Amino acid sequence: MSKNKSYTGVDYFRLISAYLIIAIHTSPLTSVSATGDFIFTRIVARIAVPFFFMTSGFFLISRYSRDNSRLFSFIKKTVFIYLLAIALYVPINLYNGYFKTEPFLPEFIKDIVFDGTLYHLWYLPASITGGAIAWFLVKSSGYKKAFAVTGLLYAAGLFGDSYYGISEMIPVLKNFYTLVFQVCDHTRSGIFFAPVFFVLGGYMSDSGCGAGGKTGHDGKKGLFLPLGFGISFSLMFGEAMTLHTLNLQRHDSMYLFLLPCMYFLFCIILSFQGKRLTRVRTLSLAIYVIHPMVIVAVRLFAKVLHLQELLIENSMAHYLTVCLLSTVAGAMITIFSDNARPKKKKPGAGTDRAYLEVDLNNLEHNLREIRKIMPEGCRLMAVVKAQAYGHGAYETAVHLNKLGVRDYAAATVDEGIELRKYGVAGEILILGYTAINRISELKKYDLTQTLISYEYAGILSKQGIPVKTHIKIDTGMHRLGIPWEETEKVKKIFSMKNIRVCGMFTHLCCADGRTPKDEAFTKEQTDNFYHVVNELKKSGIMLPKLHIQSSYGLLNYPEISGDYVRIGIALYGVLSSAKDETLLQPDLRPVLSLKSRVALVRPVKKGESVGYGRTFTAKRDSRIAIISIGYGDGYPRALSGGRGSVLINGREVPIVGRICMDQLAVDVTDAGDVARGDEAVLIGMEGCGELSAPRVADSAGSISNELLCRMGTRLPVVVKGG
Ligand SMILES: *Cc1c(COP(=O)(O)O)cnc(C)c1O
């Protein structure tokens with residue numbers, strides 16, 4: 001399993017696609033064989049543009065999108081590139097006499113909206129139209145209907161493209177397409193061609209393709225994809241050759257079998273995961289935009305230098321020259337745009353009063369460290385309940401999603417829905433109780449429900465709504481779950497109507513300790529769980545995914561395996577208590593810092609008191625700083641009266657008096673220059689000082705888990721790194 005997943009395959013294939021598109025526009029094989037060239041540029045290379053649409057759809061379209069902002073920023077970006085490209089090609093258009101066409105304005109508008117002002121630029125307006133159509137269809141009616149509508153559009157497109165010869169013979173169709181072609185030159189456009197690929201891309205992202213799910217490691221599926229691709233490509237090949245031979249094609253962008261072909265190809269591409277290659281993305285786009293310019297330049301130079309024979313008439317040499325020069329020019333543009341891009345906004349917004357700073361680099365680091373110690377074949381389920389332990393469900397889960405984490409656990413159905421609205425794809429397991437009247441939301445948002453008892457499973461099954469579930473087994477914690485002894489009941493659940501059992505799990509209750517007693521009880525719990533598993537096996541029931549471990553279990557009992565480990569606190573880089581010693585000690589780094597500001601510094605004379613109840617009286621003339629954070633932000637009131645401290649200027653200063661709801665006081669008499677607006681660190685590091693979450697939690701008589709998750713309400717989350 002790769003440790004740091006990103007869609008490297010997609011990034012590389014963008015580059016391959018760019019070269020395929022150059023091939024379409026230069027016909028590299030013409031000087032060898034006309035049929036060969038048809039096969040290469042009109043069949044093989046036809047996967048390039050749909051691939052680009054699918055990639056955009058993969059990252060853009062989601063049935064769970066919260067508002068339209070993602071679509072608008074996609075459109076804004078594409079319009080910007082389009083305008084830039086139009087401007088870039090004005091000289092060539094001038095040279096071609098483009099601006100002299102009559103009537104100019106209607107043609108020009110048509111080109112801007114559909115066909116592009118130069119032949120290849122149609123792709124950009126098509127992305128905008130196709131993306132928007134797919135977006136609204138998926139969001140308003142779900143994938144099934146979106147596929148139905150865009151599929152019909154595609155079919156209509158086919159009969160104006162590769163199958164036009166048939167339409168020509170049928171008067172109704174002929175009239176229809178005559179009308180269509182008055183508006184756009186081809187049906188290969190943002191209305192007929194692009195939407196279905198956008199929908200397909202979005203579907204593959206939402207259904208978790210490429211996350212080890214459908215493109216997983218087991219051999220059967222491993223062969224299934226190449227086979228599927230091979231078959232659908234062969235069919236497309238046959239289709240194209242037939243249509244070509246029968247002379248039915250008006251244009252040759254669209255084939256029926258292009259759809260399955262793209263599905264399988266994209267699955268295969270997604271399974272290549274590794275580093276994120278942002279520059280390759282820019283490079284491929286730059287090559288795409290610039291290559292017609294390079295074609296013109298190569299022709300010009302060949303003419304001037306009398307190299308036509310080599311650089312033009314030899315189609316292969318011509319193609320390679322264009323590829324090479326386009327890459328060089330593209331690389332220059334990439335470097336330039338890298339430098340021109342405004343550097344990431346400094347965290348500034350939200351830091352004026354009190355805030356949580358979440359370090360995504362540390363989160364990524366912890367993910368890597370945890371994956372190193374996970375048993376073979378095990379997948380990480382990120383536990384992001386309670387605002388990801390106070391770290392911000394949005395900031396955390398969306399970033400983990402980008403890093404390839406595809407399995408999440410939330411505590412409540414509302415938390416699950418919130419994740420979907422943020423666009424989190426993959427499986428989301430609800431660990432706790434969901435009221436029966438909310439079952440339809442489980443289905444709507446594709447959430448997986450924990451079956452907390454046999455009775456609950458029965459009621460759920462009667463609602464007539466199919467739900468994905470994991471059975472929870474109580475092996476000794478006596479909280480949720482079906483008692484492990486009641487194996488018959490567990491078996492029955494597998495045959496309940498509407499209940500799809502995807503997993504079965506238990507929770508260890510003393511894996512945080514390693515005393516002989518803890519070890520014995522942990523072993524007992526594990527044995528009890530496997531007793532149920534074995535009983536299921538004996539009855540011939542197909543085992544669902546099994547999981548036992550959470551953070552401490554993994555750190556103390558790494559030999560206990562499963563299909564998942566449910567990791568919460570360790571992912572956030574801390575232990576529950578500073579006193580805990582675990583068997584494995586991976587290099588975990590705290591993700592969260594809690595910071596605030598000095599609101600004012602006031603002198604307090606010897607004998608004067610500070611705060612409610614006058615619990616603090618100055619023993620000397622002092623300087624007291626008021627910090628704008630209190631228990632209303634989740635900072636424990638138990639840290640009042642010197643039990644807690646704060647870092648200012650890298651120095652630890654004591655909290656004095658009682659902590660209020662919105663502020664607290666610290667004694668800064670010995671802390672040098674302290675002024676309004678200075679940063680105060682309540683959890684985290686500053687200079688050589690460190691106040692770790694476990695230490696602060698210990699002082700408050702609690703554990704990091706509670707301390708952190710209580711801060712998930714009023715405080716803004718400011719992201720660092722990532
Ligand atoms: C919260 C929770 C976890 C995560 O526990 P950590 O100790 O934070 O890793 C795992 N499983 C269940 C059932 C939980 O409720």
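Every read-out reported here was derived from the displayed coordinates using simple, explicitly stated rules and does not represent laboratory data. On a predicted model such as this, the values are computed, not experimentally measured, just so you know. Positions of Cβ are generated from backbone atoms using ideal geometry, with glycine treated the same way; all protein chains shown enter the neighbour counts.
Brief remarks follow.
- Neighbour net charge for Tyr288 - beta-carbon separation under 12 angstrom, K R +1, D E -1: +2
- For the stretch 1-117, with +1 on Lys and Arg beta carbons and -1 on Asp and Glu, the positive-most of Asn96, Pro106, Phe59 along the dipole: Phe59
- Distance between the stretch 376-411 and the stretch 530-552 - C-alpha centres, whole angstrom: 24
- Relative contact order for the stretch 16-99, counting Cα pairs under 8 Å that sit 6 or more residues apart, in percent: 23
- Normalised by the number of residues in the stretch 523-633, the mean separation of alpha-carbon contacts (under 8 Å, six or more apart) gives a relative contact order of 16 percent.
- Highest mean first, the peptides 691-697, 486-492 sorted by other C-beta atoms within 10 Å per residue fall in the order 691-697, 486-492.
- Projecting the Cα atoms of Pro292, Gly684, His318 onto the charge dipole of the chain, computed from C-beta unit charges around the Cα centre, puts Gly684 farthest toward the positive end.
- Pairwise FRET efficiency - Lys517 versus Leu83, Cβ, R0 = 41 Å, nearest 0.05: 0.05
- A crude spin-label estimate for the pair Arg623 and Arg589, with each label 7 Å from Cα along the Cβ direction, gives 3.3 nm.
- Relative contact order of the chain, pairs being alpha-carbon contacts under 8 Å that are 6 or more residues apart, as %: 13
- When you count the other C-beta atoms within 10 angstrom of each residue and take the mean per peptide, 536-549, 177-190, 121-134, 287-300 line up highest first as 121-134, 287-300, 177-190, 536-549.
- Unit charges on C-beta of K, R, D, E only; dipole of the chain, Debye: 920
- Potential extension, Cys502-Phe104 segment - 0.36 nm per residue separation minus Cα distance: 137.1 nm
- Note on the chain: dipole from Cβ charges, positive end direction compared against Gly274, Tyr119, Ser702; the farthest Cα belongs to Ser702.
- Between the stretch 586-634 and the stretch 424-452, the alpha-carbon centres lie 42 Å apart.
- The calculated 222 nm mean residue ellipticity attributable to helices in the chain amounts to -14500 deg cm²/dmol, summing -39500 (n - 2.57) over DSSP H runs of n ≥ 4 and dividing by all residues.
- Our note on the geometry: Cα centres of the stretch 76-126 and the stretch 234-283, 26 Å apart.
- Summed residue charge, Cβ within 12 Å of Gly202's Cβ, Lys/Arg positive, Asp/Glu negative: +2
- For Arg597, nonlocal amide neighbours, meaning residues 5 or more places apart or on other chains whose placed amide H falls under 5 Å from its own, are Ser628, Ala680.
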